[in-house]
Amino acid sequence: MTKSFQQAFNALKEQTCLSYAKIATMGGLCNVDHIIVKATAPNGSPLSDKYVHQLLRLFAISPPCCRAFSLGFASRFGKTRSWRVALKCLLLLHRLLRSSPEDSLFRTELLINRSNGSISLYPCNFRDVSSSDPESFTAFIRSYARLLNEISNEDNHRRRPGPPDNSAEEIGRVLEVLEQIQSLIDRVTECKPTGVTARNFLIQTAMKHIIRDSFVCYTVFKNDIVFLLENMFQMPTYRCCISAFGIYKKAALQADQLYEFYQWCKLMGVCGCYEYPFVDRIPLLQIQALESFINGMWEIKDDDGDHQSPSSSSLSSTAEKVGDECEEERQPLIKLNDEDDDDSWEDILEASVINFSSHGSDEKDEWRIQVYNPFDGKYVSSDPNYPWGL
């Protein structure tokens, strides 16, 4: 079967489905399947808001329509070989997910159909045969489907109301939420279109929804990463501290990736420049200083016989990996005199540590490190008690 015949056959099949849905609607037989087919017509027009509103009204009036939509979506998205139909299916799902509460029957039915394999967003088996560049359109549809798969899994980018407290439960929750948000940010950056898809009108329409959701996600991420940095040295266990440091180090990499991604989106005219949040980039030197300090602190505790020293691989995962992602020269965390350029890392770390002794007691000298927080322009000091334990 030649490529041109495949394209003609696919176009005829999609047009037949659309014609049947229109005729059925005119005859008063409108149902969820017909709405899905009309909303995902294989043309260059963007997804109409009226179909989203129609489905939301049906979900509110007749809850069984939620299950009908899940089955209809699975059939429409699973069988199509047109990137326009597949993209509009994902856009329709995205709009409905955004408009539905977390405990809605719609999300429950969607989760059920994903768990039994009726809906497969990741891995996605879609393959385009309707365009001149099927590889680029196929890659974008699969990336977008994977993003929606994670969005529909759980509440990734919303947090409890009120400021976070310093309890172990709250710290554990923040660590879990940050890991989920970092996974979402990875999925967002993977949706960057390539080739002819970058300037396609429908693709740019989808990118606007993806980018605007990422703005909300990044705002929550910045707030939680500040809370994490402020409590880096008050973690209830050493394992929590290692997890927090890993999240913070990955945040440095993602900040560079997200900055470049947003710059590309601005260049392509995706959303207004005023809509983009300021991306706070974390200096490489700060990551290295934190890593050295945590390793050194653990060795001090090991000398006291409190714990066994963990392997250095638990903290260090090659500073070169972070450095390769940093194209611009960063502002140094610690400024030394010009004659100290040849000093070792121990001297640099010592310059960031404040030695102080307790007044009126025979206790040993204690140590603090001051870490610059790029998100609010302040310095964060470690707690001298170091309440860590396995």
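Things worth noting here:
- Search result, residues across region 274-284 that are in a helix (DSSP H, G or I) and open to solvent by less than 40 Å² (accessible area, probe 1.4 Å): none
- Unmet requirement for Ala198, which otherwise passes all of (1) touching a Phe, Trp or Tyr at 6+ places or on another chain (Cβ under 6 Å); (2) under 19 Å from Glu135 (Cα atoms): (1)
- Given (1) crowded, with 18+ Cβ neighbours inside 10 Å; (2) at pLDDT below 95; (3) under 20 Å from Lys79 (Cβ atoms), number of the condition Tyr144 does not satisfy: (2)
- Out of Ser62, Ser45, sole residue that is open to solvent by 50 Å² or more (accessible area, probe 1.4 Å) and more than 16 Å from Ile112 (Cα to Cα): Ser45
- Among the residues making up region 220-242, those that are among the β-branched types (Val, Ile, Thr) and part of a helix (DSSP H, G or I) are Val220, Ile225, Val226, Ile242.
- Selection within region 243-273 - more than 21 Å from the chain's Cα centre (by Cα) and either in a helix (DSSP H, G or I) or aromatic (Phe, Trp, Tyr) (or both): Leu267
- Verdict on Ser132 being open to solvent by 20 Å² or more (accessible area, probe 1.4 Å) and within 26 Å of Gln182 (Cβ to Cβ): no
- Filter pass, His34 being over 25 Å from Asn200 (Cα atoms), assigned to a helix (DSSP H, G or I), at pLDDT below 90 and not small (Gly, Ala, Ser): yes
- Residue identified as of a type in the set (D, E, K, R), open to solvent by 20 Å² or more (accessible area, probe 1.4 Å) and part of a loop (DSSP other than H, G, I, E, B) among Arg81, Arg67: Arg81
The values are calculated or read from the model by the stated rules, or taken from the named source; none is laboratory data. Just so we're clear, the structure is a prediction, and the values are computed from it rather than from any experiment. Using ideal geometry, Cβ is built from the backbone for each residue, glycine included, and neighbour counts are taken over all protein chains shown. The protein model used for the area step is the full one, side chains on, heavy atoms only, and it has no ligands, DNA or RNA in it. Shrake-Rupley method; radii C 1.70, N 1.55, O 1.52, S 1.80 Å.
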